[in-house]
Amino acid sequence: MTPQHRPRKQVHLAAHFPGVNNTTVWTDPESGSQIDFSSFRHLARTAERGRFDFFFLAEGLRLRERKGHIHDLDVVGRPESLTVLAALAAVTDHLGLAATVNTTFNEPYELARRFATLDHLSGGRAAWNVVTSSDAFTGENFRRGGYLDHADRYTRAAEFVRLARALWDSWPPAEPPRTLTHTGPQFDITARSTLPRPPQGHPVVIQAGDSDEGREFAARHADIIFSRHSTPEAGRAFHADVRRRLRKYGRGPDDLKIMPAAGFVLGDTDADAEERAVAIRHQQVGPQTAIALLENVWGRDLSGYDPDGPLPDIDPVPDSDVVRGWAHSGDRFGIASRWRAVAEEKKLSIRELAVELTARQAFVGSPATVAAAIDEAVRTDVADGFILVPHLTPGGLDDFVDRVVPLLQERGVFRTEYQGPTLRHHLGLPAPRPLPGEEVTA
């Protein structure tokens, strides 16, 4: 098939409920509750009206702390994702429902059962964003107290996902349930599922992580990668790298969708949108948030520093609990050195650097400009689609659905109606194949 006759690559879109994160603008008069069901319902119904693939919830197993006090952004609370999505299953008909659930502090049998339940209740719309944690601060909430070493996180996660898939497969349609026996480094169980195989076979599995370990895990186990890239070049390189890894696991290029998180700002003109974007970024990164971002790396109390002044000229503290529950990757000294270099090169204050570092890949412009940019990004393999993160709850997605989605539909790159009942249909994913390696007996 010649390029000019090749079907246009279709855009995939999902909606991230902003909840507790640095992109939410709490001070805007239009900002609503982060925990009232009406907020979740509004955003989910808006996403379904826009024919989005799925609705995405993050997870917070413990409130973050700064110098022994709850961090400003966490004071609204963090609801449990699967409970919220079960409620949303009753007020939506087609929209996929994705929950972030940790493999470090859960058990495969229990979690496989909960996701199978959601998939049955929703008619095949459940998805699981698999995350890990090596955070001892979070681990204090759990009976075994502690945590996994960083090197063991993906070992446990891989065995966890394989076991969950085996449990979903252990009660085939029109057959009695079978007993699953598994013995491995992390888990040793003999179990019988309480539910028949889910409508999708396996709920859709999402992996969030850009590390080498995360990419390999996704290539082997995931249906979607929830990633983050700041430039189209970085997105294409990531896309190509993960596609290359798929082959070693006998998977095709369409077996995995890459969907980075992305913010967006719309205006009547491009200039209007750019002006709004600058104002929103500075609303998102207030002085306290900027200082907290640095404290997470420096491991020091930096409250005496001016957010509009230069970066600290002191070294980080290697082991510190000034900020707890905030993840950072790499060594503190290396990160601090890189941040100083960026600030020096661009003449940035602490707050300006925080704005620079926390910016997601954003689509900024008129509706026509944003629609064209999304189409171009997907067509040129920057990604297969985007998980959109509005800056307002719950109405932040309304404008996009009303003004951008119709333009994508006019371009022929986005559905006008849902074509199938399950999330796998929306995403164009193949039916899952039962995985070998576990002993299943009648």
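The values are calculated or read from the model by the stated rules, or taken from the named source; none is laboratory data. Everything quoted here is computed from the prediction, not taken from an experiment. Every residue, glycine among them, receives a Cβ derived from its backbone with ideal geometry; neighbour counts consider all protein chains shown. For the accessible areas, the whole protein counts, side chains as well, though only heavy atoms, and no ligand, DNA or RNA atoms are used. Shrake-Rupley method; radii C 1.70, N 1.55, O 1.52, S 1.80 Å.
Anything in segment 346-379 that is open to solvent by 20 Å² or more (accessible area, probe 1.4 Å), part of a strand (DSSP E or B) and either basic (Lys, Arg) or closer than 19 Å to Pro406 by Cα (or both)? List them, or say none.
Scanning segment 346-379 gives a single hit, Val364.
Looking at (1) open to solvent by less than 10 Å² (accessible area, probe 1.4 Å); (2) over 30 Å from Glu140 (Cβ atoms), which is the one condition that is false for Asp306?
Checking Asp306 against (1) open to solvent by less than 10 Å² (accessible area, probe 1.4 Å); (2) over 30 Å from Glu140 (Cβ atoms), the one that fails is (1).
Of all residues in segment 390-417, count the ones that are under 24 Å from Pro7 (Cα atoms) and not in a helix (DSSP H, G or I).
8
Within segment 188-237, can you find the residues that are among the polar types (S, T, N, Q), under 30 Å from Leu357 (Cα atoms) and either modelled with pLDDT of 95 or more or open to solvent by less than 30 Å² (accessible area, probe 1.4 Å) (or both)?
Within segment 188-237, Gln207, Ser227 qualify.
Test Arg197 against the stated conditions and say whether it is in contact (Cβ under 8 Å) with a residue 12 or more places away in the chain, over 21 Å from Trp128 (Cβ atoms) and not small (Gly, Ala, Ser).
So Arg197 fails the test.
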